[in-house]
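What follows is calculated from the coordinates using simple rules that are stated; it is not laboratory data. Since this is a predicted model, take the numbers as computed values, not measurements. Positions of Cβ are backbone-derived with ideal geometry, glycine not excepted, and every protein chain shown enters the neighbour counts.
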Amino acid sequence: MIIAIDGPAAAGKGTLAKRLAAHFGLNYLDTGSLYRAVGVAVLRSGGDPADPPAAEAAARALDPAGLADPALRGEEAGGAASKVAAIPGVRAALLDFQRAYAARAPGAVLDGRDIGTVVCPDAPVKLFVTASLERRAERRLKELLDKGLSAIGERVLQEMKDRDARDSARSVAPLVPAADAVLLDTSEMDADAAFAAAVRIISQRRFAG
Ligand code: CDP
Ligand code: CDP
């Protein structure tokens, strides 16, 4: 018994496939994790996931023991996965593993993009699971929020720090206060308090001027 499940990102393939596998007592393979593992292996070795020789070497050296690594679930891994997935040599290198997995007793549910078309074209049951782009984006966002804002928060902080550093360090018109500028630190002010403080500074200056 082989159940092939394909469809776009966040359609709910993995969630459905896992439940079906448990329900029917079948093995389950998330084939996206193979492409993710290859993408992450290339990134970790400092290579470019879009570079065929690097990606093909990583696909041939893939260790299935590492497929549960939580680092494979992130968006960076997903992006790298879709780059290596476009390389025919990578797809060919991963095919035998997937087919061998599907052939093992008592059978399996596999989810991905090409299970029904390439990996298991003879599967007796093929589902193409999909949902609107808006719903799928909502689901991914909800997953991120459920994980906690910390990961997103850290990224926003780091991006802001990097951009400020670039703006401050450039040789043309860098970000610096003018020598005669009045510093207005809004850390502990809401927009109304900042406006009131600015009005105070301006009227003091006008009297002084
Ligand atoms: O979970 P999500 O649907 O976002 O992604 P995934 O199933 O983990 O797959 C990550 C990427 O691997 C996809 O965007 C595809 O580019 C690629 N992939 C593929 O080409 N063929 C498969 N059978 C599975 C994944
Ligand atoms: O594997 P794929 O990327 O297609 O999607 P998933 O990781 O199984 O599901 C993405 C999110 O959608 C998960 O948080 C699910 O709980 C949720 N979801 C679902 O799987 N099926 C629905 N019918 C509705 C929501």
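Checking 194, 181 one by one, the residue that is away from ligand 2 (no atom under 16 Å from the Cβ), part of a helix (DSSP H, G or I) and out of contact with any Lys or Arg (no Cβ under 8 Å at 6 or more places or on another chain) is 194 and no other. Considering 190, 164, 114, the condition of being in contact (Cβ under 8 Å) with a residue 60 or more places away in the chain, out of contact with any Phe, Trp or Tyr (no Cβ under 7 Å at 6 or more places or on another chain) and among the acidic types (Asp, Glu) is satisfied by 114 alone.
Among residues of the stretch 24-38 that are touching a residue at least 60 places away in the same chain (Cβ under 8 Å), those with a beta-carbon under 8 Å from a residue that is part of a helix (DSSP H, G or I) and among the charged types (D, E, K, R) at least six positions away or on a different chain give the pairs 28/18. Can you find even one residue in the stretch 102-117 that is over 23 Å from residue 15 (Cβ atoms) and of a type in the set (A, V, I, L, M, F, W, C)? Within the stretch 102-117 (the criterion being over 23 Å from residue 15 (Cβ atoms) and of a type in the set (A, V, I, L, M, F, W, C)), the answer is yes, since at least one residue qualifies.
Yes/no per residue for (1) over 23 Å from residue 18 (Cβ atoms); (2) surrounded by 11 or more Cβ atoms within 10 Å (Cβ to Cβ):
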residue: 109; (1), (2): no, yes
residue: 113; (1), (2): no, yes
residue: 141; (1), (2): no, yes
residue: 169; (1), (2): yes, no
residue: 204; (1), (2): yes, yes
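Selection of the stretch 92-128 for residues being within 16 Å of ligand 2 (Cβ to nearest atom), touching a strand residue (DSSP E or B) at 6+ places or on another chain (Cβ under 6 Å) and in a loop (DSSP other than H, G, I, E, B) yields only 113.
Which condition from (1) within 17 Å of the chain's Cα centre (by Cα); (2) outside any helix (DSSP H, G or I) is the one that residue 131 breaks? Going through (1) within 17 Å of the chain's Cα centre (by Cα); (2) outside any helix (DSSP H, G or I) one by one, residue 131 breaks only (1). Listed by position, the helices (runs of 4 or more DSSP H) enclosed by the stretch 12-72 that each have at least 1 residues that are away from ligand 2 (no atom under 13 Å from the Cβ), of a type in the set (A, V, I, L, M) and surrounded by 13 or more Cβ atoms within 10 Å (Cβ to Cβ) are 32-44, 52-60.
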